[in-house]
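**Q** Please find one structure pasted underneath; my questions will follow.
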Amino acid sequence: MLFDGERDQRVEMRPKLVSWGVTSLCNLKCRHCYRSAGDRMENELTMEEGMKLLDSIASLGGKMFVLSGGEPLLRRDLFKLSSYGASLGLKMLLATNGTLINSYVARKIVDSGIKVVAISLDGAKPETHDSFRGVSGVFKSTLKGAKECVKAGLDVQINVTVTKLNHGEIPEILTMAEKLGAKYVHVFHFVPTGRGTVSSEMEVSVDEYKNLLNDVYRLQKHLNLLVKPTCAPQYWAYLARERNPFTSKFLKVYPRGCIAGTSYAYINPLGEVTPCPYLPVTVGNVKVKSFSDIWRNSTILRELRDRNNLKGRCCECMYREICGGCRARSYAHYKDYLESDPACTFIC
């Protein structure tokens, strides 16, 4: 079963979205961090290597490029890299914890060609957010950073990772994001990887997850921003069944649920390429091969691009093309990125 925009994506397989963790250095100690970030790693990609990476992605027809971390604003040449990427025609995005952004930094972000800033907010209350982030008092500085970005004319995206500790606060966070002037909210379904493996008990149950997706869909109608569940591909199957004007519009913007390795890839600070940040399966290193070579020729990426390779319920499901199950969650639970998604809310 094919849906709007999907056929082109399957044929072209362009890296429409690529993210690069520019450093592992971070000023916070987030308990769910997929990178276990904190200290800078030896042999992180240099500025020259980063520029070659941007060249390679642009040559493939890449569209959006995310500078993430760790905390990317701690990398001194960050704005040179973002300016270079913008000069290649890439839409540059910044993923940050927001705590280091004041009016001066917000202006530098704008001047470097970055168009969208994604700021992580994991609670509607200071105690919830600070508990996630591992540092007291950062809730206030995170909100200030978001406000400065809005004032500077940047599109702001709020990222929230849903766990047992905060899933009851999601409606409040969505309302808060709207009041801040955010344009998007990405609601990430927690995947136990990186530092998050020691906090695996934070993962919500299947019923809690299903209720969350229903709440997001219900609240979306009343919000002046676009809410996108992430690492939650079953939402796409849910929308495909609804087929109203909103869902048709949403599916044209975001044709597929799980895009790991199909139109998305992640590069860590050392240059290792993985299908997404939460799926720690290395498919190559840009210090050894160009990103374009890895993207075109990786056996693992080819496996992920053919939904016929999926196993169990995901293979049999009528929504496998548009949903596909979360490949990172399958790997986290079964050490097999082709296995069924244990968070599936559908009986197909």
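The values are calculated or read from the model by the stated rules, or taken from the named source; none is laboratory data. What you see is a predicted model; the values in this text were computed from it and never measured. When we count neighbours, we look across all protein chains shown, and the Cβ atoms used for this are built from the backbone with ideal geometry, even at glycine. Note: accessible area is taken over every heavy atom of the protein model, side chains too, but ligands, DNA and RNA are not part of it. Shrake-Rupley method; radii C 1.70, N 1.55, O 1.52, S 1.80 Å.
**Q** Determine the pairs where a residue that is in contact (Cβ under 8 Å) with a residue 24 or more places away in the chain, located within segment 294-308, has a partner that is among the charged types (D, E, K, R) and in a helix (DSSP H, G or I) with Cβ atoms under 9 Å apart, the partner being 6 or more residues away or on another chain.
**A** Taking only residues 6 or more apart or on different chains, the pairs are 304/327; 305/10.
**Q** Next up: When only residues in segment 184-228 that are part of a helix (DSSP H, G or I) and among the small types (Gly, Ala, Ser) count, which is most open to solvent (accessible area, probe 1.4 Å)?
**A** 200
**Q** Please return the ranges of helices (runs of 4 or more DSSP H) entirely within segment 28-142 where 2 or more residues are modelled with pLDDT under 95.
**A** 126-133
**Q** Let me ask something else about it. Which ones in segment 242-259 are open to solvent by less than 50 Å² (accessible area, probe 1.4 Å) and of a type outside the set (Gly, Ala, Ser)?
**A** 244, 247, 250, 251, 254, 255, 256, 258, 259
**Q** When you go through 282, 262 one by one, which is the residue that is surrounded by fewer than 19 Cβ atoms within 10 Å (Cβ to Cβ) and either part of a loop (DSSP other than H, G, I, E, B) or of a type in the set (Ser, Thr, Tyr) (or both)?
**A** 282
**Q** Give the residue, chosen from 61, 145, that is of a type in the set (Gly, Ala, Ser) and more than 20 Å from residue 159 (Cβ to Cβ).
**A** 61
**Q** Take residue 310 and decide whether it is closer than 21 Å to residue 66 by Cβ and not charged (D, E, K, R).
**A** When the stated conditions are applied, residue 310 does not pass them.
**Q** Now, a different point. Quick one: count up the residues across segment 87-108 that are among the hydrophobic types (A, V, I, L, M, F, W, C) and under 20 Å from the mean Cα position of the chain (by Cα).
**A** Start the filter on segment 87-108 by keeping residues that are among the hydrophobic types (A, V, I, L, M, F, W, C), which leaves 88, 90, 92-95, 100-101, 105-106.
With the extra rule that they be under 20 Å from the mean Cα position of the chain (by Cα), the set shrinks to 90, 92-95.
Residues flagged as among the hydrophobic types (A, V, I, L, M, F, W, C) and under 20 Å from the mean Cα position of the chain (by Cα) within segment 87-108 amount to 5.
**Q** Mind listing whichever residues of segment 300-332 are assigned to a loop (DSSP other than H, G, I, E, B) and more than 17 Å from residue 254 (Cβ to Cβ)?
**A** If the condition is that a residue be assigned to a loop (DSSP other than H, G, I, E, B) and more than 17 Å from residue 254 (Cβ to Cβ), then 306, 310, 311, 317, 318 are the ones that fit.
**Q** So if I check each of 132, 79, 139, which one is of a type in the set (A, V, I, L, M, F, W, C), farther than 20 Å from residue 276 by Cα and open to solvent by 30 Å² or more (accessible area, probe 1.4 Å)?
**A** 79
**Q** Going by the structure shown, is residue 148 at pLDDT 95 or above and surrounded by fewer than 17 Cβ atoms within 10 Å (Cβ to Cβ)?
**A** no
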